[in-house]
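Participant: Got a structure here, written out as structure tokens. Questions coming.
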Amino acid sequence: MLKISKKTKFAAVVLCLTIITAIAACGKSPDGGNQASADGQEKKVVQYAHPDAISPTSPYEVFGKYFKQYLGELSGGQWDTDIVGGAQLGNESELAVSVSSGLIDMTMSSNIVIANTSMDSAALLLPFMFKNHDEVNYVVEDEQVLEMINASLLKDANVIGLDYTSNGLRKLFMRESYGDSPVLGNLKNKKIRVPETPLPVDTFKALNMTPTTISGSEVITAMQQGTVDGCDYPILPAMASGFGELAKTMINTNHYYVGCSIIFSANFWNGLTDEEKGWFKEASKKAAHQQRMDLGQMEKELTEKMITQGCIPVETDIQPYIDATKPIYEKYAAKINPKLIERVEFLLKEYRASHK
């Protein structure tokens, strides 16, 4: 089962009641749901909940849109997908717990969140592992990588993992301007908002910055009031949060990659027929691939929009960052399945050798 904090445990009963009430309001019973189609035939429904904004540029919404389409097509209209976004059924950590306990059918859970329980999910989160999205896609489309990550999800978190979507490579959004080519020394002691998980905290400490853990719902206020000097965010959620106007500089560090496992409740999954599992696997694979392809294009478009809003993207010499965080890479890599690390590193060498 997923590990949860004392604070989360304290809220678990209230959360469960809230979820059950919300599920009912969304037209689906907690133990699964069917609905009548236009021709009067009973249609099965899978509920996909996510914590992100209900927006056409949300990585979570983009995946949901494609999954709903492909599952409907593959099942011949026998299955529909109820997409419940906007954190209506809980934040990301709470949704992962709810899927693990069988309260919710499926969600997307980022490697930042689920690595707290299933450490192998951090294999793609190590600092400065990837240079660009092409490298990411080459690795996450490898069947061996997915099989090892999904095996650990079942063992450690009691969830069924199918495929991998993308939230993007993280950048540094800073409230101040740092010129055309900021160096690492410019950022010493700067307060950077990071997610509430150990690896990012250790990464920014190694970079001689001051990591500040703030929940996602408080990030905008922290940037507006100057509680932090900057935030580490992927472009899509940053722009959805208004960082184009809040920040003056986006430093293109790509310091780590945030991807999401598509996870299902084991109870829900075990209730499917083999044929239905085949539909879900194929729909998940196709939707995840299309989501990753769309993400790259949306990042380019949003970067152009960001510039018009006053936030300027800049490059920097990444090697000092890589050197400073090498001990963090090695520390966390040692906690992960060595075969998984070896496979990821092999794929990256293979890709780079053929794309010089």
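Participant: Please work out which one of (1) at pLDDT 95 or above; (2) in a helix (DSSP H, G or I); (3) within 19 Å of the chain's Cα centre (by Cα); (4) buried (at least 21 other Cβ atoms within 10 Å of the Cβ) is the condition Leu295 fails and give its number.
Facilitator: Result: Leu295 passes all but (1).
Participant: Is it true that some residue in segment 230-246 is over 30 Å from Leu103 (Cα atoms) and assigned by TED's automatic domain parsing to the domain that holds Asn116?
Facilitator: No, the conditions are met nowhere in segment 230-246.
Participant: When you go through Thr212, Thr249, Thr203 one by one, which is the residue that is among the polar types (S, T, N, Q) and either in the same structural domain as Lys131 (by TED's automatic domain parsing) or closer than 24 Å to Glu94 by Cβ (or both)?
Facilitator: From the options Thr212, Thr249, Thr203, the qualifying one is Thr212.
Participant: Right, something else. Residues being in contact with a Gly (Cβ under 9 Å, 6 or more places away or on another chain) and β-branched (Val, Ile, Thr): count how many of those fall in segment 152-166.
Facilitator: 1
Participant: Against the condition assigned to a loop (DSSP other than H, G, I, E, B) and either more than 17 Å from Ala288 (Cβ to Cβ) or not acidic (Asp, Glu) (or both), how does Thr212 come out, does it pass?
Facilitator: Here the answer is no, as Thr212 does not meet what is asked.
Participant: Within segment 55-84, how many residues turn out to be within 18 Å of the chain's Cα centre (by Cα), modelled with pLDDT of 95 or more and under 19 Å from Ile104 (Cβ atoms)?
Facilitator: Looking only at that region, the number is 6.
Participant: Now for a separate question. Quick check on Gln78: is it farther than 30 Å from Lys339 by Cβ, not assigned by TED's automatic domain parsing to the domain that holds Gln319 and not acidic (Asp, Glu)?
Facilitator: yes
Participant: If I ask for residues that are closer than 23 Å to Thr165 by Cα and not in a strand (DSSP E or B), which ones from segment 216-241 would you list? Show your work before the answer.
Facilitator: Kept after step one, since they are closer than 23 Å to Thr165 by Cα, are these residues of segment 216-241: 216-217, 231-241.
Those that are closer than 23 Å to Thr165 by Cα and not in a strand (DSSP E or B): Gly216, Ser217, Pro234, Ile235, Leu236, Pro237, Ala238, Met239, Ala240, Ser241.
Participant: Checking Val344 against (1) surrounded by 13 or more Cβ atoms within 10 Å (Cβ to Cβ); (2) free of Cβ contacts under 8 Å to residues at least 40 places away in the same chain; (3) hydrophobic (A, V, I, L, M, F, W, C), which test does it fail?
Facilitator: Val344 satisfies every listed condition except (2).
Participant: In the list Val97, Val113, which residue meets the criterion of being within 30 Å of Leu207 (Cβ to Cβ) and assigned to a helix (DSSP H, G or I)?
Facilitator: Val113
Participant: Go through (1) at pLDDT 95 or above; (2) part of a loop (DSSP other than H, G, I, E, B); (3) out of contact with any strand residue (DSSP E or B) (no Cβ under 8 Å at 6 or more places or on another chain) for Asp52 and report which single condition fails.
Facilitator: Condition not satisfied by Asp52: (1).
Participant: With in contact (Cβ under 8 Å) with a residue 12 or more places away in the chain, surrounded by 18 or more Cβ atoms within 10 Å (Cβ to Cβ) and either of a type in the set (Phe, Trp, Tyr) or in contact with a Leu (Cβ under 9 Å, 6 or more places away or on another chain) (or both) as the only criterion, which of Pro195, Pro200 stands out?
Facilitator: Of the residues listed, the single one that is in contact (Cβ under 8 Å) with a residue 12 or more places away in the chain, surrounded by 18 or more Cβ atoms within 10 Å (Cβ to Cβ) and either of a type in the set (Phe, Trp, Tyr) or in contact with a Leu (Cβ under 9 Å, 6 or more places away or on another chain) (or both) is Pro200.
The values are calculated or read from the model by the stated rules, or taken from the named source; none is laboratory data. It should be emphasised that the depicted structure is a prediction, and the values quoted were computed from it without experimental measurement. FYI the Cβ positions are ideal-geometry reconstructions off the backbone, even for glycines, and counts take in every protein chain you see.
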